[in-house]
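Read through the structure below, which is laid out as structure tokens, and then see the notes.
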Amino acid sequence: MAAESTYELDREYVFHSWSAQAALKPLVIASAAGSYVTDDAGNRLLDLSSQLVNTNIGHQHSKVVAGIKAQADLLCTVAPQHANAARGEAARLIIERSPDNMRKVFFTNAGAEAVEYAVRMAKQHTGRNKVLATYRSYHGGTQTAVNLTGDTRRWPNDLGTSGVVHFFGPFLYRSAFHASTEAEECERALEHLEQVISFEGPATIAAIILETIPGTAGIMPPPPGYLAGVRELCDRFGLVYIADEVMCGFGRTGKWFAFEHYDVTPDLITFAKGVNSGYVPLGGVIISDEICRTFAERAFPGGLTYSGHPLACAAAVASMNAMTDEGIIENAARIGETVLGPGLRELAERHPIIGEVRGVGVFWALDLVKDRATREPLAPYGGTSVAMGELVGALKANGVLPFTNYHRLHVVPPCTITDDEMREGLAAIDKALTAIGQHYEG
Ligand code: PMP
């Protein structure tokens with residue numbers, strides 16, 4: 001029988017990421033607008049996932065759609081060695097929003113490629129080969145990016161020869177250092193990193209890559225002073241500091257870049273997602289003046305046919321301008337402080353299944369536990385559980401499209417979400433936790 005519905009087409013012909021193919025039951029998303037997606041049966045769901053923490057500007061923003069259409073009429077594609085207006089303007093707007101030491105932008109098609117190229121630049125710049133990355137991290141699915149990734153997705157892809165060395169970043173709730181305060185966690189995490197650098201041999205290490213606020217791994221804002229400490233270690237040992245802002249950049253935390261919360265300046269910044277909310281795939285590396293100078297006379301060995309694709313860059317120009325003109329980043333900061341953060345903390349007072357609430361802006365996670373005293377996660381590391389499956393079902397039944405990861409519910413709506421929509425989302429989370437909490441609260 002020929003496949004007819006979208007669901008059947010997908011199941012018949014589409015090979016999906018990170019999954020065993022047989023058991024998949026993908027939700028069909030037929031259309032979207034603002035903070036909502038609509039499925040093929042006409043049900044509207046509040047998108048608290050932002051499509052993998054991506055649609056910072058919301059769905060179908062009219063100015064971004066118009067920008068893509070206008071560019072499509074003018075010029076759809078151009079080879080990377082030529083210049084074009086959309087690419088130049090997108091780069092200018094990014095540099096204007098970046099720290100003063102940043103000079104140029106190399107465009108990629110996605111976050112993983114941005115990570116690949118940032119690492120290559122750091123290796124070329126330093127003449128060294130190793131890269132340090134944290135265990136609690138996700139940096140993408142291509143080979144270099146998956147080797148840098150700390151979570152279980154690395155395991156089946158890692159040949160053990162990548163030159164990546166992992167270390168523990170700070171995370172007080174599940175401290176690797178038996179710390180009991182943020183200050184202690186910060187100090188011990190920095191001591192640990194310094195030891196890793198010393199024992200690996202500083203002269204063999206090109207870079208440290210860090211998600212400023214690790215996202216997929218659990219939205220864990222670092223303690224005050226940690227990133228400044230990393231910056232100091234990079235300076236002391238001549239390492240390139242790569243800030244992976246693919247998920248936390250471009251408004252998600254209520255600032256253009258998450259590192260602005262911590263008063264540090266990286267050498268390379270990777271971005272994707274929020275730069276144009278994924279309306280057309282785009283990522284890139286923002287490069288410091290110092291690293292640009294390395295490649296002034298010496299060729300940079302790398303490139304991509306679609307680097308700075310006109311449609312993607314036109315979407316980025318329209319998106320960055322709209323974010324500025326419409327106060328969208330300020331909205332994300334305000335919602336986080338006044339509605340989302342307080343709302344999640346209030347839920348934690350009533351639902352013992354919530355072990356910890358973490359986040360900033362529109363970038364939050366609920367760490368769900370079987371038992372608050374032991375902090376045993378509601379699903380095992382790298383796995384899922386009946387309880388998490390039931391939570392997803394209960395959220396959808398209450399009109400919300402969630403993003404869960406292992407034992408966590410990530411609450412990551414568009415930066416454009418309104419107060420009323422956010423309250424609607426919090427009420428749905430409350431109902432879903434009540435429904436499953438009856439069975440699982442410790
Ligand atoms: N870095 C981070 C911090 C990410 O969150 C992601 C994607 N979730 C990536 C890199 C990889 O991006 P992409 O999937 O666009 O390749």
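Bear in mind these aren't lab numbers, they're just calculated from the coordinates by the rules spelled out. Keep in mind the model is a prediction, meaning the values are calculated, not measured. Note: ideal-geometry Cβ built from the backbone for every residue, glycine included; neighbour counts use all protein chains shown.
Among ALA228, ALA122, ALA91, which residue has its Cα positioned farthest towards the positive end of the charge dipole of the range 63-325, with +1 placed on the Cβ of Lys and Arg, -1 on the Cβ of Asp and Glu, and the dipole taken about the Cα centre?
Highest projection toward the positive end goes to ALA91.
If you average 1/r across every pair of different Cα atoms in the range 63-325 and take the reciprocal, what Kirkwood value do you get, in Å?
Values: mean 1/r = 0.0535 Å⁻¹.
18.7 Å is the Kirkwood radius here.
Size of the dipole of the chain about the Cα centre, Lys and Arg at +1 and Asp and Glu at -1 on the beta carbon, nothing else charged, in debye to 20?
Dipole size: approximately 700 debye.
Compare VAL28, VAL115, VAL392 in a GNM of the chain, Cα atoms joined below 10 Å, and give the one with the largest fluctuation.
VAL28
How many lysine pairs does the chain hold where the Cα atoms are under 26 Å apart and the two sit 8 or more places apart or on different chains?
Step by step, the pairs that qualify in the chain add up to 17.
List the residues whose amide H sits under 5 Å from the amide H of THR216, counting only those 5 or more places along or on another chain, with H placed 1.01 Å from N in the peptide plane.
TYR138
For GLU4 and LEU24, calculate 0.36 nm times their separation in residues minus their Cα-Cα distance, and state this gained length in nm to one decimal. Walk me through the intermediate numbers first.
On the way: separation 20, 0.36 × 20 = 7.20 nm, distance 1.76 nm.
This chain segment gains 5.4 nm when fully extended.
Could you pull out every whole DSSP H run in the chain that spans at least 30 Å of Cα extent along its own axis and averages -1.0 or higher on the Kyte-Doolittle scale?
On the way: long enough: 419-440 (31 Å, -0.44).
Passing helices, by number: 419-440.
Roughly how far apart, in whole Å, are the Cα centres of the range 202-266 and the range 64-142?
Going from one Cα centre to the other spans 17 Å.
Relative contact order for the range 63-325: what percent, with Cα pairs under 8 Å and sequence separation of 6 or more? Intermediate values should be presented prior to the final figure.
Numbers: 508 pairs, mean separation 80.2, N = 263.
After rounding, I find 30 percent.
Can you list residues whose amide H is under 5 Å from LEU378's amide H, if they're 5+ apart or on another chain and H is modeled 1.01 Å from N?
LEU368, VAL369, LYS370
Stick to the Cα atoms of the range 104-156, pair each with every other, and give me the Kirkwood hydrodynamic radius in Å at one decimal. Please list the in-between numbers first.
On the way: mean 1/r = 0.0864 Å⁻¹.
Answer for the range 104-156: a Kirkwood hydrodynamic radius of 11.6 Å.
Pick from THR144, THR416, THR294: which residue has the top mean-square fluctuation in a GNM of the chain where Cα pairs under 10 Å get a spring?
Among THR144, THR416, THR294, the largest GNM mean-square fluctuation belongs to THR294.
Neighbour counts of other C-beta atoms within 10 Å: give me MET247, MET422 arranged from fewest to most. Write out the running numbers ahead of the final one.
Details: MET247 28, MET422 22.
So the ranking, lowest neighbour count to highest, is MET422, MET247.
Which chymotrypsin sites (Phe, Trp or Tyr not before Pro) from the range 255-326 combine a DSSP loop assignment with at most 16 other Cβ atoms within 10 Å?
Of the chymotrypsin sites (Phe, Trp or Tyr not before Pro), the ones in loops of the range 255-326 whose Cβ has at most 16 other Cβ atoms within 10 Å are PHE295.
Which residues make up the longest stretch of the chain clear of GluC sites (Glu not before Pro) that lie in a DSSP loop with no more than 12 other Cβ atoms within 10 Å, not counting the sites? Can you show the working numbers first?
Details: sites that count: GLU4, GLU297.
Answer from the scan: 5-296.
For the range 290-329 and the range 156-195, compute the distance between their C-alpha centroids and round to whole Å.
The distance from the Cα centre of the range 290-329 to that of the range 156-195 comes to 32 Å.
Using a simple charge model, +1 on the beta-carbon of Lys and Arg, -1 on the beta-carbon of Asp and Glu, nothing else, what dipole does the range 63-325 show about its Cα centre, in debye to the nearest 20? Could you put the intermediate results ahead of the total?
Working: 23 positive and 27 negative charges, 152 e Å.
It comes to approximately 720 debye.
Can you give me the Rg/Rh ratio for the chain, using Cα atoms for both radii and the Kirkwood formula for Rh?
Values: Rg = 21.5 Å, Rh = 22.5 Å.
Result for the chain is an Rg/Rh of 0.96.
Positive end of the dipole of the range 63-325, charges at C-beta (+1 Lys, Arg; -1 Asp, Glu), about the Cα centre: which of ALA243, CYS292, HIS261 has its Cα farthest in that direction?
CYS292
How large is ³J(HN,Hα) for each residue in the range 253-263, as worked out from phi by the Karplus curve 6.51 cos²θ - 1.76 cosθ + 1.60 (θ = phi - 60°), to whole Hz, x for Gly and Pro?
Along the range 253-263, the couplings run 9, x, 9, 4, 10, 5, 5, 4, 5, 10, 6 Hz.
Pick from ALA243, ALA228, ALA30: which residue has the top mean-square fluctuation in a GNM of the chain where Cα pairs under 10 Å get a spring?
Comparing ALA243, ALA228, ALA30 in a Gaussian network model of the chain, the most mobile one is ALA30.
Give the Kirkwood hydrodynamic radius (Å, one decimal) of the range 1-157, defined as one over the mean of 1/r across all pairs of different Cα atoms.
Hydrodynamic radius (Kirkwood, Cα pairs) of the range 1-157 is 19.7 Å.
Between ALA32 and residues 5 or more places away or on another chain, which pairs have amide H atoms under 5 Å apart, with H built 1.01 Å from N, and which residues are they?
For ALA32, the qualifying residues are THR38.
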